[in-house]
Amino acid sequence: MKDQIIRATALDGRVRAFAARTTRIVEELKERHQASPTALAALGRTITAGAMMGAMLKGEEKLTIQVKGGGPIGQIVVDANSKGEVRGYVDEPQVDLGPNAAGKLDVAGAVGTDGFLYVTKDLGLKEPYRGSTPIVSGELAEDFTYYFAKSEQTPSAVALGVLFSKGEYVVKAAGGFIIQLLPGLSDEEIDEIEERLSVLPPMTTMLEDGLELDEILANVLGMVRVLDTMELQFRCKCSRERVEETLISLGIEEIDGIIEEDGRAEVKCHFCNEAYVFEGPELQEIARTLENRLKDR
């Protein structure tokens, strides 16, 4: 199945909901970053949340999520936009931990609980919107739930999961949902939603069982109205031209130093792990380009 996201409403528009399947993207992240199961579970959960939060945006709007919990995997960074394009990385993708007390991947131990979740939204205004909340569990779904409640004042339920095949390191299912309660719901309706959430199987179990995204939301909300469906894809914005501009920004002395010490430069993109190599003659040409720019000023 393709990775995709749906946007829906329920209870006469008093609930809005998002559900995403990100299995292929998370498998691609595993291959690109050679990430351990624990690190990949943390990154996969965050990129799923980012994809759904991106679907809340419009036009050319975009956002960046940073999870800095003080754990051994370092920070998690995810970029997403309104077009279903996502990318992400974790500082230390090879870090792995043993199972937690429940016998599951110790995502909380890897992420840490001494830090903050940051969200920066570029809404096309003079200044970006910035929100942050303390990390409350390190399991990430609870942390995004807390973020929506405290930073965006929207009571929400967030589910995120990554499931691996038994006996082999393959992403079998990955995805999540965000359900947001809007003004006008009665106490009885809220209680019913909470009751359904309390007995709901894990998100990855429902995906593994073949449920469609609208069926998963219907298990919580009853009848849902799907507003739109969008394909999700991993997409990085890096290019050789962008890296060249980064090298130019270092200045002539720094470039000359690289040529003298190493004879070449290799720059690796954090997000996609693509390596860009510039040999000595290319670096000399970059230095000349910078000299010409300075003369033209």
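The values are calculated or read from the model by the stated rules, or taken from the named source; none is laboratory data. What you are looking at is a predicted structure, and each value in this text was computed from that prediction instead of being measured. Virtual Cβ from ideal backbone geometry, glycine too; neighbours counted across all protein chains shown. Note: areas computed on protein heavy atoms with side chains; ligands, DNA, RNA excluded. Shrake-Rupley method; radii C 1.70, N 1.55, O 1.52, S 1.80 Å.
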* Structure fact -> If R0 = 41 Å, then residue 285 and residue 122, at their Cβ-Cβ distance, give a FRET efficiency to the nearest 0.05 of 0.80
* **Under-5 Å amide H pairs with residue 274, H placed in peptide plane, nonlocal only** => 269
* Would you rank 235, 45, 225, 16 by solvent-accessible area, highest first, keeping every protein chain in place and using a 1.4 Å probe? => 225, 235, 16, 45
* Once amide H atoms are built 1.01 Å from N in the peptide plane, which residues 5 or more positions from residue 115, or in another chain, come under 5 Å H to H? -> 135
* Probe 1.4 Å - accessible area at residue 258, Å² to nearest ten -> 30
* Structure fact -> Excluding near-sequence neighbours (fewer than 8 apart on one chain), the stretch 1-129 holds lysine pairs with C-alpha atoms under 20 Å apart numbering 11
* Degrees, to the nearest 10: 240-249 long Cα axis against longest axis of the chain -> 60
* Just need log10 I(q)/I(0) for the stretch 100-222 at q = 0.13, 0.15 Å⁻¹, Debye formula, equal scatterers on the alpha-carbon atoms, no solvent, rounded to two decimals. => -0.68, -0.88
* Asked: residue 196 accessible area, nearest 10 Å², 1.4 Å probe?
  -> 80
* Asked: Which residue, chosen from 199, 265, 223, occupies the Cα position most advanced towards the positive end of the dipole of the stretch 180-275, where the dipole is computed from +1 (Lys, Arg) and -1 (Asp, Glu) charges on Cβ about the Cα centre?
  -> 265
* So what's the angle, to the nearest 10 degrees on a 0 to 90 scale, between helix 280-296 and the longest Cα principal axis of the chain? -> 90
* For residue 169, tell me the accessible area in Å² from a 1.4 Å probe, rounded to the nearest 10. => 80
* Angle, helix 37-54 long axis vs. longest principal axis of the chain, Cα atoms, 0 to 90°, nearest 10? -> 80
* Summing +1 for each Lys or Arg and -1 for each Asp or Glu, what net charge is found among the other residues whose Cβ lies under 14 Å from the Cβ of residue 170? -> -1
